[in-house]
Amino acid sequence: MILKISLYIALTIFGLGLIYKISGWFRYSPGGGAKEFSTAQRIAAAIEGTALTILGPGILKLLKSLFLDVLLQRRILKENLLRWVMHICIFYGFILLLLMHALEDFITAKLFYNYYSTLNPYMCLRNIFGLMVIVGVGISIYRRHIQNTPRLNSNIMDGYTIAIVAAIIISGFLLEGAKITSYDVYKNDMYDEYLADEDEEIIEALESYWVENYGLVSPNYAPPFDEEILELGAEMNENCMDCHSSTRSAFISYGIAKAIKPVAVSLDEAGIHRIVWYIHIFACCIGLAYLPFSRMFHLITTPISLLVNAVMDNDKSDPANKATRQVLELDACTHCSTCSTRCSMGVSYEISGNINILPSEKLAAVRALTAGKRLDSREVQALQEGLYQCTNCLKCTDVCPAGINLQELWFNVREVVLRKGLPEMLTLSPLSYYRGLKIGETEQEGYEKPAMLAQEAVSEKCSSFDTKGGPIDLSLSDRQFEKYLGGSLQGNTFSNCFACTTCTTVCPVVANYEVPVDELDMVPHQIIHAAIGGLSDMVFRSGMLWRCLGCYQCQESCPQGVKVTDIFYELKNMTFSRVRNDSSEV
Ligand code: HEC
Ligand code: SF4
Ligand code: SF4
Ligand code: SF4
Ligand code: SF4
């Protein structure tokens, strides 16, 4: 009774969780113009897209990906053999236990004539599947905690998931082991049911036979047994053989039965098999209810994500579907951290300790943000920094075994986070070039905003100079700055400049404005000149510096070999450290 109730509760939570999660794919948006579509439009687009794929030539791609990516898991194999073994073990062990054991009434019994869980090959297979899961979990723990794979972060969710899976499998084995030894099951559930002979000799014969051959621990009879008794037992066992293969083939449970043999009688009297049965079933209920909210949910989402990515052509797909796919991908992440071990900014994480630099952790923050969780300004700042340090190197997207298009995600989310309005000094990162390339996908106002915010934040720190109007006050020249820039590897070419203005002429940013000096304060060659003059504040505050895309056109065109772009980077880094140092003093 309690059991039925808990099973129903677990199923209800599972069902509601599933609906909640799946509806989220159509409700949420990680940015990138998805807000323009209503949930209904997105569902309609998804149905249409799915139908077109299944009915059209896309079905071939879908089947190929189903075979290679989902069933063979080649993306994991490509990455690391040990991980592949781990994953195949857990995946197939778990799925087969679920289908053949947990759902035996609906699947195995229907498929196989005369199915009994106590017959072979089922009994042996069940042990093999369970062993596979345990081996997989073992490898996972080894990789996370003993091998200490760098940047493989384990969080509480990973721990819970592993603990629940382990509890289900271990209690399952213990249950089988306890049942094999159980006199209670033997006598009350089986003997009385299938033989029910009152003859003393027959009782002794079959019981002895089961003790000898099936691992039963009897309170009444112990070896050594008389040959004749065993022979009679074997004869009587014909009543049982239709449903019972040798328990030895359940090699793990049988081993457990052997191990608990000395205490088996007292355990059986205490009703251990019932207790473990409750534990097993409750662990399964908890696992089921928790599934949509745990990492194990990727059992469902990752295959979908892989298939969707295999058939979706980004350029031709309905934009509504792109948005849906991105949210789905957030759920498909298994937190395997492959991306993080490959991230080209991993070094930066090791120095600063900001976990949002690592794609696997950044994704977790993005998931929370997308689901509407309020992040405080410190969290946004950390995420923003993580997003800005990304070099768009594509490595994470390339290796992700779940096939998640992280690249696109970072770009969209970056825009969303930027709108939150915290100034980001790292707009100087190569990313600004990437954003420049993608200018068509961003609104003009949104595009300008980060540069303006950075510039404003710098202005507050460098207020000694008013760049607008009035003659330039050379007394504000900063000797330190000049010396530093001249001494730096990048900056030491600036004094070669002979003011030919080529750099300004080729600059695509300058070309973007009708009256560049109004918007940019200074144009590239002027910045070089102000730098020669040591006018640090003037340079730091100029709009040009913050809008520079880092495209290197100026540097490549300069007849004097002035490393214009590199100097700009140097200048931006100088500003960055100045503003950072100031704010850390506050
Ligand atoms: C109609 C099929 C059937 C027959 C006949 C049958 N059993 Fe079973 N027996 C089962 C099933 C099924 C289980 C597992 C029950 C469970 O999982 O709760 C089981 C479990 C047991 C167990 C507990 C150990 C285990 O592997 O789960 C013992 C001991 C046992 N049977 C003994 C016997 C004996 C002795 C006979 C003959 C008198 C017999 N059974 C006849 C189906 C049968
Ligand atoms: S694209 Fe960004 S997050 Fe991904 S690996 Fe490269 S630097 Fe790291
Ligand atoms: S994004 Fe991909 S590679 Fe990174 S942790 Fe998630 S599933 Fe693994
Ligand atoms: S192109 Fe070179 S020399 Fe000409 S103004 Fe620019 S930095 Fe100076
Ligand atoms: S690198 Fe040079 S040409 Fe390119 S945007 Fe910056 S200043 Fe202009």
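No value in this document is a laboratory result; all are computed from the given coordinates. This structure is a prediction, so every number in the text was calculated from the model and none was measured. Counting neighbours? That spans all protein chains shown, and the Cβs are built from the backbone with ideal geometry, glycine included.
So here's what we get for this one:
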read-out	value
Length-normalised contact order of region 180-278 in % [C-alpha pairs under 8 Å, at least 6 apart]	38 percent
Charge dipole magnitude, Cβ of K and R +1, D and E -1 - the chain, Cα centre, debye nearest 20	2820 debye
For region 173-212, alpha-carbon Rg over 2.2 N^0.38 Å	1.21
Virtual spin-label span in nm between Ala40 and Ser246, 7 Å along Cα→Cβ	6.7 nm
Pairs from Lys438/Lys572; Lys21/Lys362; Lys316/Lys420; Lys322/Lys395 whose Cα-Cα separation, in the structure shown, is over 26 Å	Lys316/Lys420
3J(HN,Hα) from dihedral phi, region 362-371, Karplus parametrisation 6.51/-1.76/1.60, rounded to Hz, x for glycine, proline	4, 4, 5, 5, 5, 4, 4, 4, 5, 7
Stretch gain in nm, segment Lys258-Asn220, where the contour uses 0.36 nm per residue and the Cα spacing is subtracted	11.9 nm
Which of Phe225, Phe173, Phe568, Phe67 has the fewest Cβ neighbours within 10 Å, and the rest in rising order	Phe67, Phe225, Phe173, Phe568
Kirkwood hydrodynamic radius of region 477-585, from inverse mean 1/r over distinct Cα pairs, in Å	13.9 Å
Interatomic Cα distance distribution for region 180-278, bins of 5 angstrom, percent	3, 13, 24, 27, 21, 11, 2, 0
Cα centroid of region 226-241 to Cα centroid of region 317-379, whole Å	64 Å
Fraction in percent of alpha-carbon pairs per bin - 10 Å, region 272-394	12, 30, 32, 16, 8, 2, 0
For region 397-417 and region 489-567, distance of Cα centres in Å	33 Å
Size-normalised alpha-carbon gyration radius of the chain, reference 2.2 N^0.38 Å	1.36
Relative contact order for region 477-585, counting Cα pairs under 8 Å that sit 6 or more residues apart, in percent	34 percent
Inter-label distance, nm, simple model (7 Å from Cα along the C-beta direction), Tyr278/Asn314	5.5 nm
Förster-model FRET efficiency, 25 Å R0, Ala163 and Phe293, C-beta, rounded to 0.05	0.95
Pairwise FRET efficiency - Asp376 versus Asp192, Cβ, R0 = 45 Å, nearest 0.05	0.10
Simple spin-label estimate for Thr505 and Tyr115 in nanometres, 7 Å along Cα-Cβ	8.1 nm
For Ile168, Ile88, order by how many other beta-carbon atoms lie within 10 Å, fewest first	Ile88, Ile168
Net length gained if the chain between Leu3 and Ile156 were fully extended (0.36 nm per residue, minus Cα distance)	52.3 nm
R0 of 56 Å, Cβ-Cβ distance Thr12-Val347: FRET efficiency to nearest 0.05	0.70
Rounded to 10°, Cα long-axis angle of helix 227-236 versus longest principal axis of the chain	70 degrees
In Hz, Karplus ³J(HN,Hα) per residue of region 261-274 (6.51, -1.76, 1.60; θ = phi - 60°; x = Gly, Pro)	3, x, 10, 4, 5, 5, 4, 5, 5, 7, x, 4, 5, 6
Relative contact order [Cα under 8 Å, 6+ residues apart], the chain, whole percent	15 percent
Cβ-based exposure ranking for Lys187, Lys110, in which fewest neighbours within 10 Å come first	Lys110, Lys187
Backbone N under 20 Å from the Glu460 label point (7 Å along Cα→Cβ), restricted to region 342-383	376-383
Region 16-66 - convex hull of the alpha-carbon atoms, volume per residue in Å³	116 Å³
Gain in span if fully extended, Glu556 to Asn239, counting 0.36 nm per residue against the direct Cα distance	105.0 nm
The chain: angle of helix 406-418 to the longest principal axis, Cα-based, in degrees nearest 10	60 degrees
Ratio Rg/Rh, restricted to region 49-202 and using Cα atoms, in which Rh is the Kirkwood radius	1.12
